[in-house]
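Everything on this sheet refers to the single structure shown next.
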Amino acid sequence: MRTTGLNRRFEDTMQSHSVRPQTDLADAGLYGVNQATLRRITALIELATLIVNSLIGLRFLLKLMAANPDNAFAQLVYFLTAPFLAVFVGLTQTPAFEGIVIEFYDLIAILVYFVLSWAVVRLLWILFARLNPTR
């Protein structure tokens, strides 16, 4: 059977552009999530947790040192941490002595946010990491 020039060019093109499996798909896990993307999401969650826990720890220290609540920096720290601590306020007694306040619920919040972020990161890796880590 004789092929025309157009058919020959089509066959040559198909042979040079053969369909091959993509090598980057082996790096994807369930639902097609890339491992590098999963690492970045994990890093963002850990960074957010670090920032929130640092602010709560700073609030704890400012209250422990009886920092001036009218100071702009102290007001900023109290304002930024208030939404994260709203659930924990009143959980424990808050002893105070001559302006020094020990907010134990700050420490509990730090622990809860740490455990929560750890659990979310673990859940993400369990759900979306590739199933066969051969590479």
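Can you find, within the range 93-121, the residue that is nearest to Ala43 (Cα to Cα) among those that are modelled with pLDDT under 95, out of contact with any Ser or Thr (no Cβ under 8 Å at 6 or more places or on another chain) and surrounded by 11 or more Cβ atoms within 10 Å (Cβ to Cβ)? The selected residue is Thr94.
Taking the numbered list (1) in contact (Cβ under 8 Å) with a residue 60 or more places away in the chain; (2) under 15 Å from Gly57 (Cβ atoms); (3) not in a helix (DSSP H, G or I) in turn, Phe114 passes all entries but (3).
The values are calculated or read from the model by the stated rules, or taken from the named source; none is laboratory data. Remember, predicted model here, so these are calculated numbers, not experimental data. Every residue, glycine among them, receives a Cβ derived from its backbone with ideal geometry; neighbour counts consider all protein chains shown.
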